[in-house]
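Worksheet for the structure shown next.
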Amino acid sequence: MDTGPALLRRIRIWISLFIVGLVLSGVTAFPLPAELRLLDSLLAGPLAPVSEAAPWLADWISRVRVGLDTVEAEQPFVLYGTDWLAFAHLVIAVAFIGPWHDPVRNVWVIRFGMIACVMVVPLALVCGPIRGIPWLWQLIDISFGVFGIIPLLIVHRLIRRLEAVREEPSPVPA
């Protein structure tokens with residue numbers, strides 16, 4: 001049987017991993033044009049076997065790089081939107097500090113995160129076709145919600161167990 005401290009430690013590990021994922025996805029949204037230039041050059045060079053195996057991926061990355069290069073050169077203010085995307089990821093990561101400190105009291109943040117992960121699916125399926133995003137790339141976008149919800153489901157289950165452990169009456173000494 002798990003003890004309260006052991007459950008809390010496991011909860012904090014999973015929440016920490018989720019926070020790191022949010023921070024990384026946020027921070028990487030700032031330098032998108034440079035990242036796409038690097039990825040495009042890697043797909044043309046050292047990662048050419050990937051391009052040969054998945055030409056749709058190389059074509060899409062190249063198309064996105066050209067688009068971002070054009071936007072960066074001619075309309076850089078448009079990239080301000082991705083700055084806000086990055087900021088949102090960082091702010092959401094901060095929200096998970098609450099459940100890290102007191103998971104039972106802040107279980108609502110975990111539920112909020114699970115709802116957000118579920119909402120990724122319809123967003124990708126509705127906005128993807130409107131914006132001309134290839135079907136396989138929409139699946140990649142959907143995977144963020146699918147993979148994001150897994151640690152949150154684990155955390156939610158662990159919080160319920162922690163709550164039950166905390167509510168158990170202490171054994172009365174005989």
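Structure data summary
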| read-out | value |
| --- | --- |
| Mean separation of Cα contacts under 8 Å (6+ apart) over length of region 1-79, as relative contact order % | 24 |
| Chain lengthening between L90 and I13 when straightened (0.36 nm per residue, less Cα-Cα) | 25.9 nm |
| Extension reserve of the T28-L123 stretch, reckoned as 0.36 nm per residue once the Cα distance is removed | 32.1 nm |
| Anisotropy class of region 16-94 from Cα gyration tensor, a/c 1.5 cut | oblate |
| Span-like helix ranges in the chain, DSSP H, alpha carbon extent 15 angstrom or more, Kyte mean at least 0.5 | 4-27, 32-44, 80-95, 107-131, 135-167 |
| Gyration tensor (alpha-carbon) shape descriptor, the chain, a/c threshold 1.5 | prolate |
| Average accessible surface area per residue within region 63-117, 1.4 Å rolling probe, Å² | 61 |
| Prolate/oblate/rounded label for region 68-152 (Cα gyration tensor, a/c 1.5) | oblate |
| Inter-probe distance in nm under a simple model that places probes 7 Å from Cα toward Cβ, at Q75 and I130 | 1.7 |
| Accessible area of the chain belonging to carbon and sulfur atoms, whole % at 1.4 Å probe | 73 |
| Gain upon complete extension [V104, D141; 0.36 nm per residue less C-alpha separation] | 10.3 nm |
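The values are calculated or read from the model by the stated rules, or taken from the named source; none is laboratory data. Treat the numbers as computed from the prediction; the structure is a model and nothing was measured. In this analysis, Cβ positions are derived from the backbone assuming ideal geometry, glycine residues included, and neighbour counts consider all displayed protein chains. Surface accessibility is based on the protein's heavy atoms, side chains included, excluding ligands, DNA and RNA. Shrake-Rupley method; radii C 1.70, N 1.55, O 1.52, S 1.80 Å.
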